[in-house]
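Asker: Supplied in structure tokens, the structure appears directly below.
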2 protein chains.
Amino acid sequence: MTLSVIGDRWSLLILRDLFRGVRRFEELRKDLGIAKNILSDRLNKLHQAGIVEQQPYQVKPIRNEYFLTHKGRDLSPSLIALMHWGDRWYADGDPPTILTHSLCDTALEQITHCPTCNEHVNTDQISSRPGRRHHLSKSA
Amino acid sequence: MTLSVIGDRWSLLILRDLFRGVRRFEELRKDLGIAKNILSDRLNKLHQAGIVEQQPYQVKPIRNEYFLTHKGRDLSPSLIALMHWGDRWYADGDPPTILTHSLCDTALEQITHCPTCNEHVNTDQISSRPGRRHHLSKSA
DNA sequence: ATAGTCGGTTGCTTTTTGCAACCAACGTGC
DNA sequence: GCACGTTGGTTGCAAAAAGCAACCGACTAT
């Protein structure tokens, strides 16, 4: 499910840019180097999925600015985590984008937390178990 | 960069399965419904990218089990975040996979944390600023 | 020995993406 | 008012990626 929405070459990059405050079609296209028809298609699909909101800043012809919905902003932990991963393993200088706490401008961290032990959990202390459903699905 | 490695329809799903403990080719194929040639290709690419490790459990012909490397396990915060997002917005019952703290079997949480304020940050308190580099790149 | 499974590879079809051309409506200069 | 550039698209065609079916060698179970 999740990846049927954002699991292509461009959607996450578009979302990252929207997150970063890029709003207009042409800005997105230039920044990402994406073909216009694909960008158009992805923005519409993300809109249909309720992740992106279109706000016309002009009618005749309709011209939109693109914003993240609540559902879209709710992807931020994923984006932060992916960006940090890229920074750790592919850093060749300063990271291109830093997400910060708007109140103090500090770069944010992602923490995996155990509510029972009330402590930080690092990656080799993570197990997995299936949910109650029988069939496996593509929820992530 | 990041998305040139994991930004396709299957890689994240494969990683999620590996994370979940699926080890063998045929298991992956059945679970995901992916074509064999694509699975073969993705596993090789992930191997080349240093994300997946191949351990032969049989020679003649060589047959591998697939494991995550440290670099691969380091994607877990991203996977957790994406799975949680899917659970929140597309839940139709119990989540298909639950990641837990191996010490106490509690389902894990993802927290966005500000090291300066030393507190949890929710999505509408997040800003972004560019890193020092001039050109924009695809690091996440 | 026969059948079935596992982990692939090869070749072909279908789907997705990329690219270039085009277009309508606006803004800008004159 | 008119030419010219910009923005935000759409359309049509070529290229790349993914899906599908067939095959294959080595093992395993009967």
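Asker: Kindly provide the set of residues from the stretch B:103-116 that are open to solvent by less than 50 Å² (accessible area, probe 1.4 Å) and facing chain A (nearest Cβ under 7 Å), ordered by number.
Answerer: The answer is B:CYS104, B:THR106, B:LEU108, B:GLN110, B:ILE111, B:THR112, B:HIS113, B:CYS114.
Asker: Now a separate question. Kindly provide the set of residues from the stretch B:32-66 that are open to solvent by 30 Å² or more (accessible area, probe 1.4 Å), within 11 Å of DNA strand C (Cβ to nearest atom) and in a helix (DSSP H, G or I), ordered by number.
Answerer: B:LYS36, B:ASN37, B:ILE38, B:SER40, B:ASP41, B:ARG42, B:ASN44, B:HIS47
Asker: Considering only the stretch A:32-66, state which residues are more than 8 Å from DNA strand D (Cβ to nearest atom) and either away from chain B (no Cβ under 14 Å) or not hydrophobic (A, V, I, L, M, F, W, C) (or both).
Answerer: A:GLY33, A:ARG42, A:LYS45, A:HIS47, A:GLN48, A:GLY50, A:GLU53, A:GLN55, A:PRO56, A:VAL59, A:LYS60 - these are the residues of the stretch A:32-66 that are more than 8 Å from DNA strand D (Cβ to nearest atom) and either away from chain B (no Cβ under 14 Å) or not hydrophobic (A, V, I, L, M, F, W, C) (or both).
Asker: May I pose another question? Which of the residues spanning the stretch B:21-31 are at the interface with chain A (Cβ under 8 Å from one of its Cβ atoms) and crowded, with 20+ Cβ neighbours inside 10 Å?
Answerer: none
Asker: OK, next. For residues in the stretch A:67-79 being out of contact with any Phe, Trp or Tyr (no Cβ under 9 Å at 6 or more places or on another chain) and either open to solvent by 50 Å² or more (accessible area, probe 1.4 Å) or facing another protein chain (nearest Cβ under 7 Å) (or both), which is farthest from B:LEU12 (Cα to Cα)?
Answerer: A:PHE67
Asker: Hey, any hits in the stretch A:84-102 for a residue that's closer than 24 Å to B:TYR90 by Cβ and either open to solvent by 30 Å² or more (accessible area, probe 1.4 Å) or at pLDDT 90 or above (or both)?
Answerer: Yes: the stretch A:84-102 contains one or more residues that are closer than 24 Å to B:TYR90 by Cβ and either open to solvent by 30 Å² or more (accessible area, probe 1.4 Å) or at pLDDT 90 or above (or both).
Asker: Test A:LEU108 against the criterion of being closer than 20 Å to B:VAL121 by Cβ, modelled with pLDDT of 90 or more and in contact with a Ser or Thr (Cβ under 9 Å, 6 or more places away or on another chain), and give yes or no.
Answerer: Against the criterion (closer than 20 Å to B:VAL121 by Cβ, modelled with pLDDT of 90 or more and in contact with a Ser or Thr (Cβ under 9 Å, 6 or more places away or on another chain)), A:LEU108 does not qualify.
Let's see how each residue does on (1) touching a Gly at 6+ places or on another chain (Cβ under 8 Å); (2) in the same structural domain as B:ILE111 (by TED's automatic domain parsing):
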| residue | (1), (2) |
| --- | --- |
| B:ILE34 | no, no |
| B:GLN54 | no, no |
| B:ASN64 | no, no |
| B:THR69 | yes, no |
| B:GLY86 | no, yes |
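The values are calculated or read from the model by the stated rules, or taken from the named source; none is laboratory data. This is a predicted model, so every value here is computed, not measured. For neighbour counting, all protein chains shown are included, and Cβ atoms are generated from backbone atoms with ideal geometry for every residue, glycine included. All accessible areas refer to the heavy atoms of the entire protein, side chains included, with ligands and DNA or RNA removed. Shrake-Rupley method; radii C 1.70, N 1.55, O 1.52, S 1.80 Å.
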